[in-house]
Amino acid sequence: MRGQSNHGQRVSTPVGDEPRADDAHSRGVPDGSRRRRDTPDPLTVEQLLSRPGSTSGGRRAARREGGTPAAPATPPPGVRNGLPPVPPGSTTPPPTSQAGLPPVPGAAPRPARPPVPGAPAAWEPEARPSRRSGPIPPLPGTLPPRPRSTSAGATRRPRRPAPRATTPGRRRLVRAGLALAAVVGVVLLYHLGLYFYVDQKIDRVDALATDGPEILAAQLQEASETYLVVGTGVPGEEGPGSVATLLASVSDDGERAVLVGFPATALVDTPTCRTADGELRTPRTEAFARSLLDGGPSCMVRVVQQLSGVQVDHYLGVDLARLPGMVDALGGVPVCIVPSRVTAAAAVPPPPGASELSGEAATGYLRPAGEGTDATGTAVAERAQRLLTSTLRAAMSRENVLDPVTLTRFLTRAADALTVDEQTTLGDLRTLATSLGDVSGDAVARTGLPVAQVGHVPVGSEEAFVLLDGAGTRTLFDAVIDGSRVPEGFVTEEEPVAQPDEEAAGEPAVAADPGTALLPPAEVELDVLNGTGTGGLAATVTAALEAQGFAVGEVGNADGTVSQSVVRHGPGMVAQARTVAAAVPGSVLQASDAIGDTVQLIIGPGYSSVQTVPPPAAAVPEPADDAPAPETETQAAAVSCG
């Protein structure tokens with residue numbers, strides 16, 4: 001086999017084993033068109049190395065024998081470092097050193113090769129000329145600007161307009177604008193920081209129970225907003241009487257509102273609830289205000305939702321003892337005072353019409369007039385709501401918002417006086433004040449829970465309670481849930497304080513003769529009955545009537561309950577009844593055939609005091625036909641705060 005020696009050792013591939021013509025068919029050359037060359041048989045590397053005079057072969061053989069071969073003194077002619085012989089006539093250059101190998105002993109340096117004819121002495125790549133890019137084509141749909149031409153036909157670029165010189169007045173205007181922008185920015189940052197400070201400082205409680213089972217028709221209540229406003233610390237009151245509660249339901253469009261007052265001493269069943277300390281409170285029957293005083297805001301919310309079925313969205317607690325301080329922080333609050341039983345039940349009623357209340361006047365407006373003047377507690381709740389709404393609206397006025405000192409003082413005191421739930425923000429309180437302040441007239445319906453009995457004392461208890469009318473309560477709140485409305489007969493209108501000549505209009509059964517004159521008190525005898533839960537009120541009223549000259553017969557408690565003071569009279573006792581009603585503001589006449597020739601005064605909620613009866617009117621001549629009609633008492637009593 002080719003490539004192996006006689007000893008069976010592996011040898012290198014023969015040198016010069018080139019493709020030949022006989023291999024043309026195997027290499028794909030058609031017809032064997034390559035010319036056959038007459039060359040000698042190829043030699044192997046071993047054969048070349050084993051030739052005489054080969055330095056490499058000698059060294060390899062010497063290594064095999066363990067010695068070092070001696071370099072020949074003069075290489076034989078025609079031998080080129082172990083390469084094939086050079087044809088005769090050619091010059092053999094002397095061996096030179098190879099890179100990485102030691103120099104051959106006795107070898108002369110190899111002369112430099114002659115340059116190749118026609119080649120440059122030193123070649124360098126030609127510098128590539130830069131090509132200038134052409135003009136950028138215009139965007140599609142636009143036309144390039146027309147070049148401006150000179151008289152010689154050349155074009156030149158348009159000159160930029162020279163900047164206008166800034167005048168001193170313009171510089172002052174710019175500086176003034178920058179200063180104004182800086183001041184506005186500082187004011188906005190101050191108000192923003194104050195808002196977040198007060199919002200974080202207000203006390204917050206976990207009061208809401210939006211998933212309570214007592215909520216009825218929750219889908220109908222999604223659009224409306226319901227606020228539970230609770231006033232604590234009523235001036236001059238202690239225990240349940242110091243709590244005033246009002247439920248405000250505002251429609252989704254903000255054009256209607258219903259305000260329902262809750263009696264503080266109403267007997268209610270409090271469900272299971274969490275106290276302010278997080279402890280579980282067991283169900284019990286108690287006064288409505290006790291759910292707050294002993295349980296906390298969460299327990300009161302559960303009671304309200306159980307009584308009404310209305311979902312409470314916001315809880316707002318107000319310390320009424322600190323509310324006058326909020327009024328003083330604003331320098332006074334404008335309030336519209338309408339003469340009514342609610343206003344008359346105040347210890348110091350403000351004058352009718354637009355009034356400016358100070359902190360001291362606000363305290364007298366909130367304090368009840370005396371025992372028995374507000375047996376249910378709804379009058380003080382309405383007064384607290386009016387004062388709170390007016391205070392919040394005054395705080396949002398432009399002059400107070402732009403006054404940092406006044407606004408900071410007010411918000412600091414408000415943060416100490418207000419308590420809200422965890423979801424209510426200052427924005428919600430602003431919405432409440434705006435809604436209750438914008439709606440007026442027939443759009444606001446004020447009423448209280450229907451009462452079945454006042455002064456109920458359970459067996460084994462010494463505390464008097466108010467018993468609610470269950471059927472009437474359900475009818476009331478069904479209408480509230482249906483659309484923030486109150487059914488007919490429940491609305492408490494703004495009734496002016498009764499005047500002597502107005503009582504005949506309030507008589508439901510017997511129409512009094514308009515010409516009936518009042519009698520002197522000494523000619524009137526009556527019985528005084530207490531229709532409230534306040535003990536000893538009948539004796540107090542009796543002493544006041546006797547001081548006016550009335551003759552009082554029976555004094556005691558009434559069999560039933562009344563919603564306000566009533567003067568009952570038998571047939572033929574109209575003049576005597578009108579005289580008694582003139583002495584007791586807020587009372588109405590009621591005819592009764594069952595009592596005979598008797599006059600009874602049943603003291604009810606809203607009683608304030610006994611006033612002096614005006615003297616009997618003298619005969620007045622009839623006016624002439626062309627004389628203007630005198631102003632009626634109803635027109636005189638009308639109050640406008642516009």
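Brief remarks follow.
- Restricting the range 210-235 to residues that are surrounded by fewer than 15 Cβ atoms within 10 Å (Cβ to Cβ) and touching a residue at least 24 places away in the same chain (Cβ under 8 Å), the residue that is nearest to Leu402 (Cα to Cα) is Ala223.
- The set of residues from the range 398-437 being of a type in the set (Asp, Glu) and free of Cβ contacts under 8 Å to residues at least 60 places away in the same chain comprises Glu399, Asp403.
- Count of the range 542-567 residues which are in a helix (DSSP H, G or I) and either modelled with pLDDT under 90 or open to solvent by 40 Å² or more (accessible area, probe 1.4 Å) (or both): 5
- Ala443 being modelled with pLDDT under 80 and either in contact with an Asp or Glu (Cβ under 9 Å, 6 or more places away or on another chain) or under 23 Å from Met300 (Cβ atoms) (or both): yes
- Out of Val310, Val342, Val318, Val327, sole residue that is open to solvent by 20 Å² or more (accessible area, probe 1.4 Å) and β-branched (Val, Ile, Thr): Val342
- Checked against (1) crowded, with 22+ Cβ neighbours inside 10 Å; (2) without any contact (Cβ under 8 Å) to a residue 12 or more places away in the chain, Tyr365 passes all but condition (2).
- Of all residues making up the range 232-246, the number that are over 22 Å from Pro271 (Cα atoms) and out of contact with any Ser or Thr (no Cβ under 7 Å at 6 or more places or on another chain): 3
- Residue among Ala582, Ala594, Ala629 that is outside the structural domain of Thr376 (by the TED database) and either modelled with pLDDT under 65 or among the hydroxyl-bearing types (Ser, Thr, Tyr) (or both): Ala629
- Complete set of residues in the range 263-321 that are of a type in the set (A, V, I, L, M) and in contact with a Lys or Arg (Cβ under 7 Å, 6 or more places away or on another chain): Leu280
- Among the residues here, Ala354 qualifies as assigned to a strand (DSSP E or B), under 35 Å from the mean Cα position of the chain (by Cα) and at pLDDT below 95.
- Among the numbered conditions (1) open to solvent by less than 10 Å² (accessible area, probe 1.4 Å); (2) more than 26 Å from Asp469 (Cβ to Cβ), the only one that Val584 does not meet is (2).
- Checking each residue in the range 419-439 for being open to solvent by less than 30 Å² (accessible area, probe 1.4 Å), at pLDDT below 90 and either part of a loop (DSSP other than H, G, I, E, B) or under 22 Å from Ser242 (Cα atoms) (or both) picks out Thr424, Val439.
- Pro450 falls short on exactly one of the conditions (1) surrounded by 17 or more Cβ atoms within 10 Å (Cβ to Cβ); (2) modelled with pLDDT under 80; (3) not β-branched (Val, Ile, Thr), and that condition is (2).
- Pairs with Cβ under 8 Å, 6+ apart, first in the range 331-342 and in a loop (DSSP other than H, G, I, E, B), second among the aliphatic types (A, V, I, L, M): Gly332/Leu357; Val338/Val639; Pro339/Val497; Pro339/Ala637; Pro339/Val639; Ser340/Val497
- When the range 362-418 is filtered for residues that are part of a helix (DSSP H, G or I), farther than 26 Å from Leu194 by Cβ and among the acidic types (Asp, Glu), only Glu382 remains.
- Qualifying position, being open to solvent by less than 20 Å² (accessible area, probe 1.4 Å), in contact (Cβ under 8 Å) with a residue 60 or more places away in the chain, closer than 26 Å to Arg386 by Cβ and outside the structural domain of Thr412 (by the TED database), among Ala266, Ala207, Ala248: Ala207
- For the range 269-304, the set of residues classified as more than 29 Å from the chain's Cα centre (by Cα), within 19 Å of Asp211 (Cα to Cα) and open to solvent by less than 30 Å² (accessible area, probe 1.4 Å) consists of Thr270, Pro271, Arg281, listed by residue number.
The values are calculated or read from the model by the stated rules, or taken from the named source; none is laboratory data. The structure displayed is predicted, hence computed values, not measured ones. All Cβ positions, even for glycine, are placed from backbone atoms using ideal geometry, and neighbour counts span all protein chains on display. Accessible surface is based on the protein model in full, side chains and every heavy atom, while ligands, DNA and RNA are left aside. Shrake-Rupley method; radii C 1.70, N 1.55, O 1.52, S 1.80 Å.
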